[in-house]
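First comes the structure, then the notes that go with it.
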């Protein structure tokens, strides 16, 4: 599009293609400009000539942009207005979809995440109950073994004739 507008204009000494090239390097361009405007045999380097050329080019490009925008003001404004309206329409549609996604996430959070947290808490309670049950069984087994030991001990002592009131 920019090339078409440039082609319609009066001829210009500025090489717009160079500036529009994706591989354009300002440092390389400045180096080429300094080398082309200076004699390699001269000891003092003249930077005022390349600077003047760059400033003149910038002024020329600025005036060219001014001419283009003045001539194309109405189409540019129409294009900008169309883009703004399209953006507003997209934002309006996206707002509804974002609200729907947020509502779905809240529902999902309530149905899944909160229930998962409750289930995890129940799982931890069940694990603690299981540990308590295992500990209770171990204590019961220890008590049973203690009673058996006490009975056996009392049977051994009963052979000696001593009375044991705890065996009853």
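The values are calculated or read from the model by the stated rules, or taken from the named source; none is laboratory data. Being a predicted model, the structure only gives us computed values, none of them experimental. Positions of Cβ are generated from backbone atoms using ideal geometry, with glycine treated the same way; all protein chains shown enter the neighbour counts.
Comparison of 112, 67 shows that the only residue that is closer than 30 Å to residue 14 by Cβ and surrounded by 10 or more Cβ atoms within 10 Å (Cβ to Cβ) is 67. Total residues in the stretch 1-57 satisfying the condition of being assigned to a helix (DSSP H, G or I), more than 46 Å from the chain's Cα centre (by Cα) and modelled with pLDDT under 85: the figure is 0.
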